[in-house]
Every structure is written in structure tokens, then in C-alpha cells.
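Novice: To start, I am sharing the structure in question, which I have written as C-alpha cells.
Any read-out appearing in this document is the output of simple, stated calculations on the displayed coordinates, not a laboratory observation. It should be emphasised that the depicted structure is a prediction, and the values quoted were computed from it without experimental measurement. Glycine gets a Cβ as well: all are built from the backbone with ideal geometry, and neighbour counts include every protein chain shown.
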Protein chains: 2
Amino acid sequence: MVRWQPDARGRLQQAALALYDERGFENTTVAQIAESAGLTKRTFFRHFGDKREVLFAGSEQLEELLVGGVAAAPDSATPLQAVAEALDAAATMFEQGREYAARRQRVIAANPELRERELIKLASLAASVADALRRRGVEDSAATLTAEAGITVFRISFQRWVDEANRKDLGRLIRDSLKELRAVTAA
Amino acid sequence: MVRWQPDARGRLQQAALALYDERGFENTTVAQIAESAGLTKRTFFRHFGDKREVLFAGSEQLEELLVGGVAAAPDSATPLQAVAEALDAAATMFEQGREYAARRQRVIAANPELRERELIKLASLAASVADALRRRGVEDSAATLTAEAGITVFRISFQRWVDEANRKDLGRLIRDSLKELRAVTAA
């Protein structure tokens, strides 16, 4: 019988990230992660489909925040304003976990397989945001363009945010990047 | 001894695409592609690393056109204007092959593994365009934002172009999408 463990999921995530960062993603086994968290492999697989999935566990929550944020924007908001509000809402999800996020980015950057998975997650986020914009009546390709630009803004801001030298919060960096996007696309 | 074949590469590409489209990417073997092109498996592997790579053979040429186009833009061009000129140059690479391109998009859309590879190629294109902009003196994140937006414009335009009902040429669709990008990001 498997004993119930408080926050097994969180412990597995912390243990996995520490091991990936120390010895490399490819050199870490699920058995080692489970052992380091004081849990079994079976418990690991109850929470995560595979070794990669541990690092992308928050992406559904992020998607919900973004899609919800777009839907909740006032009717008068332009498509980009709706995305800006959604990004602002999503930023709050991360504010407490900068150290974890920085470590996670380092692990992903070091492994092509993980970078691949991240690209897929970002593409799927952009597609969901575009769908949310279409539900607001935004025309098909305008929705895609705005959503993709928004996700790029998010990605760039996130990278700046986890940089050791950075002192700004994520929401502020997102607003800066949006301003920059408007500047580079101005006719 | 392997007999020299005129345009073995092109014949392998046509044969592969036809088979992928008819029986599905996952149900087609390299042996079948080679046989259908009247060539050997060995010849296939001289030209392509794997079954997926056949479909992405033009991406280096596309990258060269885009990077070259950005570099060749006049000094007075804004970052987005430089990307617009590069996209215009790249469009000429495709004008003759709409039917092939449409079939290729259909095959890619039907297979998650191929969609994954396409995302990676697009991300790598965007990174190269961003680097080309940096070499023009464009600031780091402005370069990324402009390059990503440019690649999204390209992707959307390409999808519209291969649509059966479309009668516009690729260059025109790219200019339309750029106009749309400017409209959605206008403050």
C-alpha cells in the first residue's frame, strides 16, 4: 500500500528540478527523482506522464489564466489590449517563484528535447489565446497575429525576469515589452 | 556502384510527398519512397537524414534568403521594413510551387511529429532573422520581437496562399498580413 504523502507533486517537482540542474536532464532517472523525494516511481507516474512533463506542469494553469484574461477584458479593449490584460493576470502566477523559474529555464536551455517541448507548449498557448480572441469577434488572422505577438512578449519578458541581474517584476517587464512591440511595428 | 541519377533529390521529394499524402506519413517507409522514385535506400540517405527531413529540405535556402534580405535592406529601413523586404525576397522562392506546398502543408498538418519539426524550423528561422537584425544594430529584444512577428506573418500568409480558394500571390498576402500586424499593434 502506498502511504498518502502531503504535496507529493510539489516534492517531486522540486526533487526533479534539483537533479536535472545538478547532473543534467538526460542523466536523471525517474527512480532517482522518486527516491530523492522519498516517494515511489509509481507515485511519480500518478502525477506526471514522463520526465519532461514535470517541467511543464504549470502550463495548463497558465493557459487558463491567459484565456480567462482575454475573455474578461472589457468590450472596448482592442485585441492587443485584451492580450495585455491576460498577460498581466498570468504574471501574478509567477511572482513568488522566480528562483524556481530561473532554474527551470536553465535546465530547459541545456537540453534540445526540452526546448522542443517548450516550443510546442508555447505554440499551443498562442493557439488558445487566438481562439479566445476569435470568441471576442476578432477576425481570424488578426487573432493569430495578436496572440503570437503576445506570447513572444511573454517569452522575452520571462527570460529577462529570470536573469540574475534583473530587479524588475514580471508584470512591469511585460508592459515594457508591449511598448517595444508597438514601437517596432509602428509604420 | 551507384549509377548517377539526374535530379535524384527532386524525384525522392516528389515520391515521398505523394506517398505521405496518399497513405500517411507514418505508413510510408524509406524503402517505398526509394522504390517509387526508382532509386535505392542508400541514395535516399545520401540526400536526407530521415523521413521527416525530406519535407524540410528547403528551409536552409529560405533561411539564407531571409537573412540575406534583412542584411540587404537600406540603412534607412526600420527593423520591420527590413523584415518585410526579406519576406518579399523569400516569397519569390515559392511562387512556382504552390501545388507542392499545399500538399506538403496537408501532410504536415496530419502528423504531430511533423508539426513539431515545423515548429522547430520556424523558431530557428526567427532566431536567424533576429540575429540578422542585431547585426544591423537593432537592440536585442526589439530584434526578437520583430523577427518573431515577421515569421508569424510569413506563416499566416503561407497558409492563406496554399488555400484552394486563394487567387492572390504570396508576396501580396505577406504585404496584407504586415498591414494587419501594424493595425492590431497600433496603440
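Novice: Taking the dipole about the Cα centre of the protein assembly as shown, with the C-beta of Lys and Arg at +1 and of Asp and Glu at -1, give me whichever of A:141, A:38, B:133 is farthest to the positive side.
Specialist: The one lying farthest along the dipole's positive direction is A:38.
Novice: Among A:184, B:70, A:129, which comes first, then next, by fewest other beta-carbon atoms within 10 Å?
Specialist: Least to most surrounded, the residues fall as A:184, A:129, B:70.
Novice: What does the C-alpha gyration tensor say about the overall shape of the range B:90-135? Classify as rounded when a/c is under 1.5, otherwise prolate if a/b is larger than b/c, or oblate.
Specialist: Oblate shape, in that a/c is at least 1.5 and b/c is the bigger or equal ratio.
Novice: Let me ask you something else. Please list, by residue number, every one of the chymotrypsin sites (Phe, Trp or Tyr not before Pro) in the range A:117-187 that is coil in DSSP and has at most 12 other beta-carbon atoms within 10 Å.
Specialist: Hits after loop and neighbour filter: nothing returned.
Novice: How much FRET efficiency would the formula 1/(1 + (r/R0)^6) give for residue B:168 and residue B:53, where r is the Cβ-Cβ distance and R0 is 22 Å, rounded to 0.05?
Specialist: Efficiency computed from Cβ-Cβ geometry: 0.10.
Novice: In degrees between 0 and 90, to the nearest 10, how far off the longest principal axis of chain A does helix A:112-135 point, with axes built from Cα atoms?
Specialist: Approximately 40 degrees, to the nearest 10.
Novice: With an 8 Å Cα cut-off and a minimum separation of 6 or more residues, compute the relative contact order for the range B:8-54 in percent.
Specialist: That works out to 42 percent.
Novice: Which of the three applies to the protein assembly as shown, rounded, prolate or oblate, going by the alpha-carbon gyration tensor with a ≥ b ≥ c and a/c under 1.5 meaning rounded?
Specialist: oblate
Novice: Still on this model: At most 14 other C-beta atoms within 10 Å and a DSSP loop state: those are the exposed GluC sites (Glu not before Pro) I care about. Give me the longest piece of chain B that has none.
Specialist: Longest gap between qualifying sites, sites excluded: B:1-138.
Novice: How much length is gained on full extension from residue B:115 to residue B:136, taking 0.36 nm per residue of separation minus their Cα-Cα distance?
Specialist: Length gained between residue B:115 and residue B:136: 4.4 nm.
Novice: Here's something else I'd like to know. Along Cα→Cβ at 7 Å, what distances in nm separate the residue B:36 label point from those on the other copies, shortest first?
Specialist: Taking the point 7 Å beyond Cα along Cα→Cβ, the inter-copy spacings are 4.6 nm.
Novice: How about the range A:85-185: which trypsin sites (Lys or Arg not before Pro) there are in a DSSP loop, with at most 11 other Cβ atoms within 10 Å of their Cβ?
Specialist: Passing sites in the range A:85-185 are A:167.
Novice: Taking R0 as 35 Å, what's the FRET efficiency between residue A:176 and residue A:21 from their Cβ-Cβ distance, rounded to 0.05?
Specialist: 0.80
Novice: Now a separate question. Report the local net charge at residue B:101: Lys and Arg +1, Asp and Glu -1, summed over other residues whose C-beta lies under 15 Å from its C-beta.
Specialist: For residues surrounding residue B:101, the net value is +1.
Novice: Whole Å is fine, so just give me how far the alpha carbon centre of the range B:30-97 lies from that of the range B:117-179.
Specialist: So the separation of the two Cα centres works out to 14 Å.
Novice: Could you work out how far apart the two model spin labels at residue B:32 and residue A:36 are, taking each label as a point 7 Å from the Cα in the direction of the beta carbon, and quote it in nm?
Specialist: Taking the two extended label points, one gets 4.4 nm.
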